[in-house]
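Beneath this line is the structure, given in structure tokens, with notes to follow.
Readers should treat all values here as calculations from the given coordinates under stated rules, not as data from a laboratory. Remember, predicted model here, so these are calculated numbers, not experimental data. Quick reminder, even Gly has a Cβ in these numbers, built from the backbone with ideal geometry, and neighbours come from all protein chains shown.
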Amino acid sequence: MKLNLKKETLRNVNEFLQNVDLKSNNRSFKITNPDGNHAICAGLKEEIEVTIDGHAGYYCAGMNMNADIIINGNVGTGVGENMMSGTVHVKGNASQSAGATAHGGTLIIDGNTSSRCGISMKGIDIIVKGSVGHMSAFMAQSGNLVICGDAGDALGDSIYEAKIFIIGKVKSLGADCEEKKMNEKDKKILKSLLKKAGINEKTFSNFKMYGSARKLYNFNIDNVSEY
């Protein structure tokens, strides 16, 4: 079923998708002419498939639950912000704060992301096939961030228990972030995420893993400059 944003208001389209009749056999939708509108597909709750055929603006697919959403273009700030479950797949690039505060689900970005990708992530899996900007995974609490390109300054600054897997160069690490040795469980997680994103699983051996040094969990006067 096609939903044309040149003929329908964004409010009406979002409201329709948020309240899909589960008795209907129609679970697949295409949004045409998105034209960079903000908050497209925000707050979806049901197991439906939505394709956005073009570029989207801020907070696309925010607060997503259960839905599988594909964006055939680029997205603005905060794609998948605070999502709980489901899958969001960006076929282009994403601006800053992709997957911010998200509790679950999977966010796949085929291109690059800007700064603060995965900021304060709380359980989401984010796979970026390109590079990420500075302060990515800042205060990341749990979940996994996979980066197939490079990372900017202060990667993983003030990270908690999230894991970062990266194949490229890291410009600098943030406070309390350090390289970790991958165990078999970590390798299994990475392979699963690569497979989910359609990336050759054999490349897992080229990745490095970063996580928390756990020096900032409790106040220590010797680390006062890091707080």
Pair list, Cβ under 8 Å, 6 or more apart: segment 180-198 residue within 16 Å of GLY143 (Cβ to Cβ), other residue among the polar types (S, T, N, Q) and assigned to a helix (DSSP H, G or I): LEU194/THR203
Filtered residue count, segment 1-35, keeping only those that are of a type outside the set (Ser, Thr, Tyr) and closer than 20 Å to MET63 by Cβ: 18
Tally of residues being surrounded by fewer than 24 Cβ atoms within 10 Å (Cβ to Cβ), of a type outside the set (Ser, Thr, Tyr) and on the phi < 0 side of the Ramachandran plot across segment 55-72: 7
Condition check for GLU47: acidic (Asp, Glu), touching a strand residue (DSSP E or B) at 6+ places or on another chain (Cβ under 9 Å) and farther than 23 Å from ASP150 by Cβ: yes
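If only one of MET121, MET139 is surrounded by fewer than 22 Cβ atoms within 10 Å (Cβ to Cβ), free of Cβ contacts under 8 Å to residues at least 60 places away in the same chain and among the hydrophobic types (A, V, I, L, M, F, W, C), which one is it?
Checking each option against the conditions leaves just MET139.
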Every residue from segment 22-39 that is buried (at least 19 other Cβ atoms within 10 Å of the Cβ) and under 21 Å from ASN112 (Cβ atoms): PRO34
Boolean, LYS202 is touching a helix residue (DSSP H, G or I) at 6+ places or on another chain (Cβ under 7 Å) and either in a loop (DSSP other than H, G, I, E, B) or free of Cβ contacts under 8 Å to residues at least 24 places away in the same chain (or both): no
Filtered residue count, segment 68-98, keeping only those that are in a loop (DSSP other than H, G, I, E, B) and free of Cβ contacts under 8 Å to residues at least 40 places away in the same chain: 17
Qualifying positions in segment 148-165 - touching a residue at least 24 places away in the same chain (Cβ under 8 Å), surrounded by 19 or more Cβ atoms within 10 Å (Cβ to Cβ) and within 17 Å of LEU107 (Cβ to Cβ): CYS148, ALA162, LYS163, ILE164, PHE165
Residues within segment 1-21 that are within 15 Å of ALA67 (Cα to Cα) and loosely packed, with under 10 Cβ neighbours inside 10 Å, tallied: 1
